[in-house]
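Below: one structure, written as structure tokens.
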Amino acid sequence: MNRIFLPIEIKVREFHSKLLFSLFAAEQGFETVLGGQIELIERMPRLGRGIYIDKSTSILKSEWFRTCRALGNQVAAWDEEGLLYMNDEVYHTTRMHDEAFRLTDLFFAWGPHQVRTVLTRYPETTDRVVPVGNPRMDLLRPEIRGYCDARVADLRRKYGRMLLINTNFPLHNFAKGRAATANIFDSYPLKNKAELLKVWYTFQQRGYDGFREAAAAMHARFPKHTIVIRPAPSEDIRPWQRLFEGKPRGVVSKEGNVVEWIRAADALVQFNCTTAIEAFLLDVPSIAYHCVQSELFDARLAIACSTEAFTLEALLAEVQRVVAAADAGCPPERHWSKDRALIEDHLSALEGATACERILEEIRRRHFVERPYTLPRVPIVKRIWRAWLRVVRRPDPADICFYREKFPSLTVEEARSVTADFVRATGRFRGVRIMSAGRNLVRIRPA
């Protein structure tokens, strides 16, 4: 079986790493169909059989996984949001679903820590939960990160010296509103759900207020820097835009992969965010601003990859120290000895074979046999009825807007352009063929 299906939910988070994975796959003889998850799911029955790799095994995936298997496919998954989580119980309740997980043939974990979490509930699955890392971390490796050199240079020309603030308050500042957040959590069988959500919401609200104050203070304190705010993908961007409205040197953007923004910045300020780990591996100073604290909600790994500030003045002093070191040409400090064991326990494939290569090796090692096509044939009358319903049932405009913000488009030209960046950076992937596989879908195959 040499075809892989790779859906993208949030383009700025996933596109570059999944394209890189597709290029490694082409080197090893695989064909990959890559693109928007809605478009890919719609087109799957016409694309042949292969291995579908989803971005989670959440409660929303069960029905699709059953259909995907009935189409004759293998189903695998990794969890794009599985690096930082509160505890095992909350992770299992919000990120995994019994049926969805049991319908997967392979689960690719970020590292040993996530493997242990999964096996606390599914101890019988040791043979299919493997700590191989995640392609997003491959983008940070010295031999690959040069793919975005040109974009980093463009950002520095456009904005000058930058201080980057990555916010992470989707519970409080969700793009579709607080009611939509509550609806999401209604489907999770969390213990003491109402109390947990109340405490969690208050925690995020205090963090959100603290970061708004910090962004304004940094803008005033560092007049030689552009202050860039990058909200989390599911956050509402508008409140952050209003914060800098009419102010020069204040930028709010969700555009582009976060790697290029981190590399272009003098420092990162973050709140329990995966970007702390990304900055650490890119040798960019990360500062964890604890304007609110909680033993339950604080992400230990993000803290381990950062220096810490507990008050606004301490934050400004730490940023000033980092800026002064950059002015003096001092290389950023990298505290590998601080919590190296913790970092390596959470992240496999930091050295040696890449996560992409390890995932492909696991796929090859399993010797998957094609499943028979078992999906019942839909009568023509029912197919016509479904087509008519798709016409008359107009989707909620807010849902359409939200999806387009997460995945605006994908073209063959864009995929080829970024592939050329990877070729220049690595000297690999020459001659890989990229063509259209449908709207917002590309097919990547060996030369």
Would you confirm whether or not region 308-329 contains a residue that is under 26 Å from the mean Cα position of the chain (by Cα) and within 30 Å of Asp138 (Cβ to Cβ)?
yes
Inside region 306-331, the number of residues satisfying the requirement of being within 12 Å of Phe271 (Cα to Cα) and either touching a residue at least 60 places away in the same chain (Cβ under 8 Å) or hydrophobic (A, V, I, L, M, F, W, C) (or both) is 2
How many residues are more than 18 Å from Ile262 (Cα to Cα) and touching a helix residue (DSSP H, G or I) at 6+ places or on another chain (Cβ under 9 Å) if we restrict to region 316-326?
1
Within region 328-354, the residues that are of a type in the set (Asp, Glu), touching a helix residue (DSSP H, G or I) at 6+ places or on another chain (Cβ under 7 Å) and modelled with pLDDT under 75 are none
Out of (1) out of contact with any Ser or Thr (no Cβ under 7 Å at 6 or more places or on another chain); (2) surrounded by 21 or more Cβ atoms within 10 Å (Cβ to Cβ); (3) modelled with pLDDT of 95 or more, the odd one out for Gly250 is which?
(2)
Anything in region 87-123 that is within 23 Å of Arg136 (Cβ to Cβ), among the acidic types (Asp, Glu) and assigned to a helix (DSSP H, G or I)? List them, or say none.
Asp88
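Would you kindly identify the helices (runs of 4 or more DSSP H) lying entirely within region 150-258 that contain at least 2 residues that are of a type outside the set (Phe, Trp, Tyr) and within 23 Å of Leu84 (Cβ to Cβ)?
Details: elements: 178-186, 193-221, 238-243.
By residue number, 178-186, 193-221.
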If you scan region 294-308, which residues turn out to be surrounded by fewer than 24 Cβ atoms within 10 Å (Cβ to Cβ) and either among the β-branched types (Val, Ile, Thr) or over 18 Å from Val90 (Cβ atoms) (or both)?
Ile303, Ala304, Thr307, Glu308
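Return a yes/no flag: does region 237-246 have any residue that is surrounded by 21 or more Cβ atoms within 10 Å (Cβ to Cβ) and closer than 29 Å to Ser17 by Cβ.
Pass one, region 237-246, residues surrounded by 21 or more Cβ atoms within 10 Å (Cβ to Cβ): 240.
So of that shortlist, the ones also closer than 29 Å to Ser17 by Cβ come out as 240.
Among the residues of region 237-246, at least one is surrounded by 21 or more Cβ atoms within 10 Å (Cβ to Cβ) and closer than 29 Å to Ser17 by Cβ, which makes the answer yes.
Give the residue, chosen from Leu23, Leu6, Leu34, that is buried (at least 18 other Cβ atoms within 10 Å of the Cβ) and part of a helix (DSSP H, G or I).
Working: Leu6 fails: part of a helix (DSSP H, G or I); Leu34 fails: part of a helix (DSSP H, G or I).
Exactly one of Leu23, Leu6, Leu34 is buried (at least 18 other Cβ atoms within 10 Å of the Cβ) and part of a helix (DSSP H, G or I), namely Leu23.
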Pairing a residue in region 118-144 that is at positive phi with any residue that is among the hydroxyl-bearing types (Ser, Thr, Tyr), where Cβ atoms lie under 7 Å and the two sit 6 or more apart in sequence or on different chains, gives Gly133/Ser348
Go through (1) surrounded by fewer than 20 Cβ atoms within 10 Å (Cβ to Cβ); (2) free of Cβ contacts under 8 Å to residues at least 40 places away in the same chain for Phe65 and report which single condition fails.
(1)
Please determine whether any residue of region 411-430 is loosely packed, with under 11 Cβ neighbours inside 10 Å, more than 30 Å from Ala153 (Cβ to Cβ) and modelled with pLDDT of 80 or more.
no
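Might you check whether a residue that is assigned by TED's automatic domain parsing to the domain that holds His367, more than 25 Å from Glu361 (Cβ to Cβ), touching a strand residue (DSSP E or B) at 6+ places or on another chain (Cβ under 9 Å) and of a type outside the set (Asp, Glu) occurs anywhere in region 48-60? Spell out the reasoning first.
We begin by selecting, within region 48-60, every residue assigned by TED's automatic domain parsing to the domain that holds His367; these are 48-60.
From the residues that got through so far, the ones that are more than 25 Å from Glu361 (Cβ to Cβ) too are 58-60.
Still in the running and touching a strand residue (DSSP E or B) at 6+ places or on another chain (Cβ under 9 Å): 58-59.
Of the ones still in play, those that are also of a type outside the set (Asp, Glu) are 58-59.
The answer is yes; a qualifying residue exists.
The values are calculated or read from the model by the stated rules, or taken from the named source; none is laboratory data. Here the structure is a predicted model, which means the values were calculated and not measured. When we count neighbours, we look across all protein chains shown, and the Cβ atoms used for this are built from the backbone with ideal geometry, even at glycine.
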